[in-house]
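Participant: Here you go, one structure.
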Amino acid sequence: MTKLISKKHKKNIVCGVTAVAVAVSAYGFGGLFDKNNLASGDVTEIYKYDSTEEAEVTDVTEEANEETASESDIMADLASELSIEEKEVDKDETVYGFAKADGSIDHVIVSETLKNREKADVLTDMTNLKDIENVKGNEAFSQNGNEITWEANGNDITYQGTTDEKLPVDISVSYYLDGNRISPDQLAGKSGKVTIRFDYKNNASVTAKVDGGDERLFVPFVAVTGMMLGDNYQNITVTNGKVVAEGKTNIVLGYAMPGMKENLSIKDDEERRFNDFFEVTADVTDFSLDMTVTFLTTASAVDISGDIDLTKLDEMVNTMQNAGESLTDGSAQLSDGLNTLNDKMGEFHNGIGQLSDGLDFLFAGSATLEEGVTTINASANALNSGIAALNAGVSTPMTDEEKSAIETQAAQAAQTAVAAQFENETYAAIAQQASGSFKQTMTSDDTVSAILTGLNNAGLRDALFQSVVAQNYQAAHAENDQLTYEMYVAEISANPDAIASIYAYVDGLLAQVSSGVANGIAENGAAAIGDNVAAACQQAAVEAAGQAAGQAVVSGAEGAKAKIAQQINAVQESGYSLVTGAQALAAGTSQLEASVPTLTGGVSQLVSGADTLVSGADLLMDGVDRLAEGSGELQDGIIRFNHDAINKLAETYDGDVKSFVGRMSTLLEISMDYETFTMLKEGDKGVTKFIIKTEGIK
């Protein structure tokens, strides 16, 4: 039987073409949020159409089987004429938006890289940025209005500046605690069920030709937002995104295509392929949130050549219409054939006699057949048992005890090897280096100066001044016993030179003390510092080596088992894997062996039943007569099917699908044409992307 394209299949075509557009918009940023910085994921995976939905089908005859195309064939035909390549650009632009916790933009910095492929001495560019500075070299520039000229000297130029221009997509972040909206600063430190919602609003639109008329369309942007959530977040759920656990950290990614529902006139986007928001909900203790990062991109990084060609779809619809007409004609031929069959029933009687003679010969050979089938069945069951045992072994996950044993053995070996390295010259070298660095740091001018500053801040300078004044007074009093301490202090206070002289003497003493303290600490603490640093390095290296080796060995063992299991369970072109094929073979040979006695007995019964078959020929003739009558009814039904199903399907295709594909082609062109947020010199090619960072909440 065969399946014709239904309304649901038409939906598959529409969503499949949309997936092509999403993939183009997401081109070039697949590795930005990998596990080493923010998160992983393939945007096209999020937006692809779920082809598991069953389509409504209509059964027709086997003759039309070769005329049917599967959904994958349809998509391959639509994309076969498209060529997508990374664009060679003259200007690579990255726009950094720094936002508050609610998503409102605080300031914008734009980084521009001018590609100097010709190694020219001078590069020119157009810009409306302010506060321009060269960030990767010392090449100078001059500016005349919006034109900027760089003395490149054969180099690429990377510069940045600021702008007050509004970003093409607004981000609004709202926070809810136990269902009630709350400001970011009030949420810090709270506990409960927290929801964080990102809403994206597309501000960039252009006027384009669609179905022969002008229409305002939003520039297609793909927005990907990532955040890191600590172990104080539990029971995390994500709408329009996903969460990946990495140890004690949860990596959350959200996806959106703001403006696409409006571009495609989608009112009820149940599958959320074109959502304009994402949100994450979790049970949180002592709420805090690090920064979030949102990446916005278009298809400006690629060149797309060719058009989406609907010729093959046109041919397929025409083929279905032709098949409907052929079925109508075939029903008449079926009626004629049944009449011919009725005329040939006499010859059928003669054939029954010949059948009886052949069955006698077949019965004589059935004994030999039974012996061979028994041998084959025994071999097939042995093969199935061996493969089943292998599959059970490689498919069973390793127990915690097995993992622990392997991990402990590998960890001990790695730790012993690393410890042996430290027992040689490594420990002494680290201790010596740490001791030398400590001495150098403690005896440096900066350290001595810091000690001197600390002594001064503690009031030692003034205390020493008073002590020197007191000592000098004792000497003066010995010469003049009429001189009081108050009189002596008054004389000193009235003599600036005397004060300066005393302070100079005090400062010299403090300098000697500071130097002595620094040298003493350096000499007395160097050896202990060296030993402590070397011991800490040894312990950290041994622990890290043990942990890494244990995890690597367990991961390798599990990976090997999984690979073997995958290979023996991989489904081949026949539709069977090694495991299911062996099972099917064993079941088939067992069934065949059990059926051979029945076959032998059945042949005997067929011989005796040949006479009965002759007597039943009259009944068969009556049945053929009724079939001939029913063929007329079949012909009427096929005519109705051709009119009500196939012709209406062709009308739907000509009305909706062609228009949708044209709209998607226009959106692809708009996405590729968005090459700059700022300015681009005439004739140059550019690529632009946006990175928006929100501040954290502590």
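Participant: On the given criteria, is Ala405 surrounded by 12 or more Cβ atoms within 10 Å (Cβ to Cβ), of a type in the set (A, V, I, L, M, F, W, C), assigned to a helix (DSSP H, G or I) and not assigned by TED's automatic domain parsing to the domain that holds Gly530? Step through it out loud before you land on a result.
Facilitator: Values: surrounded by 12 or more Cβ atoms within 10 Å (Cβ to Cβ): yes; of a type in the set (A, V, I, L, M, F, W, C): yes; assigned to a helix (DSSP H, G or I): yes; not assigned by TED's automatic domain parsing to the domain that holds Gly530: yes.
Yes, satisfied.
Participant: A further question on this structure: Quick test for you: out of Leu483, Leu464, pick the one residue that is surrounded by 13 or more Cβ atoms within 10 Å (Cβ to Cβ), part of a helix (DSSP H, G or I) and in the same structural domain as Gly520 (by TED's automatic domain parsing).
Facilitator: Numbers: Leu483 fails: part of a helix (DSSP H, G or I).
None of the others qualify; the one that does is Leu464.
Participant: Now for a separate question. Name the single residue, out of those in region 254-290 being at pLDDT 95 or above and aliphatic (A, V, I, L, M), that is farthest from the chain's Cα centre (by Cα).
Facilitator: The extreme case among them is Val284.
Participant: Could you tell me whether region 125-144 includes any residue that is under 28 Å from Ile670 (Cβ atoms), part of a strand (DSSP E or B), at pLDDT 95 or above and assigned by TED's automatic domain parsing to the domain that holds Asp283? Even if it seems obvious, please write down each step before you answer.
Facilitator: Residues of region 125-144 under 28 Å from Ile670 (Cβ atoms): 125-129.
After this cut, where a residue has to be part of a strand (DSSP E or B) as well, the list is 125-126.
With the extra rule that they be at pLDDT 95 or above, the set shrinks to 125-126.
When the remaining residues are screened for being assigned by TED's automatic domain parsing to the domain that holds Asp283, the result is 125-126.
Checked against the condition, which is being under 28 Å from Ile670 (Cβ atoms), part of a strand (DSSP E or B), at pLDDT 95 or above and assigned by TED's automatic domain parsing to the domain that holds Asp283, region 125-144 yields at least one hit.
Participant: Let me ask something additional. Just one of the numbered conditions (1) over 19 Å from Glu279 (Cβ atoms); (2) crowded, with 18+ Cβ neighbours inside 10 Å; (3) out of contact with any helix residue (DSSP H, G or I) (no Cβ under 7 Å at 6 or more places or on another chain) is not true of Ile171; which one?
Facilitator: (1)
Participant: Anything in region 192-209 that is over 18 Å from Met228 (Cα atoms) and part of a strand (DSSP E or B)? List them, or say none. Spell out the reasoning first.
Facilitator: From region 192-209, those over 18 Å from Met228 (Cα atoms) are 192, 199-209; that's our starting set.
Gly192, Asp199, Tyr200, Lys201, Asn202, Ser205, Val206, Thr207, Ala208, Lys209 - these are the residues of region 192-209 that are over 18 Å from Met228 (Cα atoms) and part of a strand (DSSP E or B).
Participant: Separate question: Hey, can you tell me all the residues within region 241-257 that are buried (at least 20 other Cβ atoms within 10 Å of the Cβ) and within 25 Å of Phe221 (Cα to Cα)?
Facilitator: Filtering region 241-257 for residues buried (at least 20 other Cβ atoms within 10 Å of the Cβ) gives 241, 250-257.
Hits for region 241-257 are Gly241, Ile251, Val252, Leu253, Gly254, Tyr255, Ala256, Met257.
Participant: Check region 210-226 and report whether any residue there is assigned to a strand (DSSP E or B), within 23 Å of the chain's Cα centre (by Cα) and farther than 16 Å from Ser671 by Cβ.
Facilitator: yes
Participant: Still on this structure: Six or more apart or on different chains, Cβ atoms under 6 Å: show the pairs whose first residue is in region 487-498 and in the same structural domain as Phe465 (by TED's automatic domain parsing) and within 14 Å of Ala476 (Cα to Cα) and whose second is modelled with pLDDT of 90 or more and surrounded by 14 or more Cβ atoms within 10 Å (Cβ to Cβ).
Facilitator: Sorted first by the residue in region 487-498, then by its partner, the list stays empty.
Participant: If Gly189 passes every condition in (1) touching a Phe, Trp or Tyr at 6+ places or on another chain (Cβ under 9 Å); (2) closer than 30 Å to Glu246 by Cα; (3) in a strand (DSSP E or B) but one, which one does it miss?
Facilitator: Among (1) touching a Phe, Trp or Tyr at 6+ places or on another chain (Cβ under 9 Å); (2) closer than 30 Å to Glu246 by Cα; (3) in a strand (DSSP E or B), Gly189 violates only (3).
Participant: Hey, another quick one. In this structure, does Val135 turn out to be of a type outside the set (Asp, Glu), surrounded by 14 or more Cβ atoms within 10 Å (Cβ to Cβ) and either free of Cβ contacts under 8 Å to residues at least 40 places away in the same chain or in contact with a Gly (Cβ under 9 Å, 6 or more places away or on another chain) (or both)? Give the steps one after another, and end with the answer.
Facilitator: Details: of a type outside the set (Asp, Glu): yes; surrounded by 14 or more Cβ atoms within 10 Å (Cβ to Cβ): no; either free of Cβ contacts under 8 Å to residues at least 40 places away in the same chain or in contact with a Gly (Cβ under 9 Å, 6 or more places away or on another chain) (or both): yes.
No.
Participant: Between Val506, Val513, which is of a type outside the set (Asp, Glu) and within 22 Å of Phe438 (Cβ to Cβ)?
Facilitator: Working: Val506 fails: within 22 Å of Phe438 (Cβ to Cβ).
From the options Val506, Val513, the qualifying one is Val513.
Participant: Only one residue in Leu585, Leu599 is of a type outside the set (Lys, Arg), in a helix (DSSP H, G or I), modelled with pLDDT under 70 and closer than 30 Å to Glu371 by Cβ. Which one? Spell out the reasoning first.
Facilitator: Details: Leu585 fails: modelled with pLDDT under 70.
Answer to the selection: Leu599.
The values are calculated or read from the model by the stated rules, or taken from the named source; none is laboratory data. All values derive from a computational prediction rather than experimental measurement. Note that we place each Cβ from the backbone using ideal geometry, even for glycine, and neighbour counts take in every protein chain shown.
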